[in-house]
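The values are calculated or read from the model by the stated rules, or taken from the named source; none is laboratory data. None of the values given here were measured: they were computed from a predicted structure. Using ideal geometry, Cβ is built from the backbone for each residue, glycine included, and neighbour counts are taken over all protein chains shown. Accessible surface areas use protein heavy atoms only, side chains included; no ligands, DNA or RNA. Shrake-Rupley method; radii C 1.70, N 1.55, O 1.52, S 1.80 Å.
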Amino acid sequence: MAVILPDRNGKLDDVVLGFDTPKEYMNDTVYFGALVGRVANRIANAEFTLDGKVYKLVANEGKNTLHGGLMGFSDVVWTVESHKVDSHITFTYNSYDGEQGFPGNLSVMVTYMFLGTNKLGIKMEAKAPNKATPVNLAHHGYWNLRGHNSGDILSQKLQIFGSSVTPVDKNLIPTGKIVPVKGTPYNFLASHEIGSLINELPDGYDINYVLDKSNPEHLRRAALMQDPVSGRKMELWTNQPGLQFYSSNMLHNVKGKDGAVYHKFAAVALETQGFPNSVNQPNFPSQIINPGEKYLHVMVYRFTADEIRTSLTSKPVSLGAIIYNN
């Protein structure tokens, strides 16, 4: 995976971390650019109850399930359904009943698409034909707007349009509470350097934000990331209620693209999503999809640079513009 963008002077750089070869992705343990599911993020004790039945999942992070289990959607072979140069590519996958412990079959379709000259859209759809099942797909890109091999992101700026977070326990499982970010190191309501308060946290950022509501006809504005050195900016919009902000705390001497070696804080992951462990927290938005219903997760990245401006940067993103675009 590569996303190559101009800086304020027109210089091109690849701004996502990754590997050079498919084989390296097969052995990936950090989810570089991965599409994760059937349920992204963590499920406590690798189990949940649905319609009175307890489902035991495959645990792959201690006693918990992370990103779908030991063989989640990031580890399976997808089918290329359609592909048009300079337009889009669509992948499909049919998950079977009982895969990693999840109930019911699930048909999934994910489209990556160009929208105009400076936007990248991702549309994730899923249907459960025979049984109710939880679904929470997410894109796990690692972003460094200065360039994937430029060092850490601590001096880059971030704004997150979420006034609350779902605090976690020592195993990064949400406690069920929803608390305001004001007065905490998690407060990114105003843009500031990612590293300015990171020392107040034991390991860095790895937390779900409750995104502020918006006009239902538009996507929610989730985040704005800026690099003062290159001038690059990235806006992220979504229809999902949550955003996982992860400051690549667990990267350690990972050999990546072009001979780069990635270390702690080399990038940020901004994963739009349903709330972690929602299947065990009735006060969180439900992730259950019933037969006849459709799961839809859309996200739009909008890229600009200081001296390469467009009139699009202040306009909201229409939900319909991406739902019906291929």
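When the Kirkwood radius is taken over all Cα pairs of the range 137-181, what Stokes-Einstein diffusion coefficient follows at 25 °C and 0.890 mPa s, in µm²/s?
181 µm²/s
Report the calculated FRET efficiency for Ser155 and Thr79 (r = Cβ-Cβ distance, R0 = 41 Å), to the nearest 0.05.
Details: r = 42 Å, r/R0 = 1.01.
For R0 = 41 Å, the calculated efficiency reads 0.50.
Tell me the carbon and sulfur percent of the accessible area for the chain, rounded to whole percent, probe radius 1.4 Å.
53 percent
Roughly speaking, what is the stretch gain from Leu189 to Ser87, that is 0.36 nm per residue apart minus the C-alpha to C-alpha distance, in nm to one decimal?
33.3 nm
If you take the square roots of the eigenvalues of the alpha-carbon gyration tensor of the range 80-200 and sort them as a ≥ b ≥ c, do you get rounded (a/c under 1.5), prolate (a/b over b/c) or oblate?
Working: a/c = 2.57, a/b = 1.33, b/c = 1.93.
Oblate, because a/c is 1.5 or more while a/b does not exceed b/c.
Going by average Cβ density within 10 Å per residue, which order do the peptides 102-114, 271-283 take, highest to lowest? Don't skip to the answer; put the middle values down first.
Numbers: 102-114: 19.7, 271-283: 22.0.
Going by the mean number of other Cβ atoms within 10 Å, highest first, we get 271-283, 102-114.
Given the pairs Lys11/Lys157; Lys123/Lys170; Lys11/Lys255; Lys53/Lys213, which span a C-alpha to C-alpha distance of over 26 angstrom in this model? List each step's numbers first, then the result.
Values: Lys11/Lys157 20 Å; Lys123/Lys170 33 Å; Lys11/Lys255 24 Å; Lys53/Lys213 33 Å.
Pairs exceeding 26 Å: Lys123/Lys170; Lys53/Lys213.
For a protection proxy built on the mean count of beta-carbon atoms within 10 angstrom, sort 17-24, 207-214 highest first, please.
Values: 17-24: 14.6, 207-214: 20.1.
Taking the mean over residues of other Cβ atoms within 10 Å, the ranking is 207-214, 17-24.
Pick from Asp306, Asp227, Asp152: which residue has the top mean-square fluctuation in a GNM of the chain where Cα pairs under 10 Å get a spring?
Result for the chain, Cα springs under 10 Å: Asp306 fluctuates most.
GNM, the chain, Cα, under 10 Å: largest mean-square fluctuation among Asn144, Asn239, Asn130?
For the chain, modelled as a Gaussian network with Cα springs under 10 Å, the answer is Asn130.
Hey, can you find the accessible area per residue of the chain for me, probe 1.4 Å, expressed in square angstrom?
On a per-residue basis, 44 Å².
What number results when the radius of gyration of the chain, computed over Cα atoms, is divided by 2.2 N^0.38 Å?
On the way: Rg = 18.8 Å, N = 326, 2.2 N^0.38 = 19.8 Å.
Output field value: 0.95.
Can you pull the Rg over Rh of the range 106-155, Cα-only, Kirkwood?
1.15
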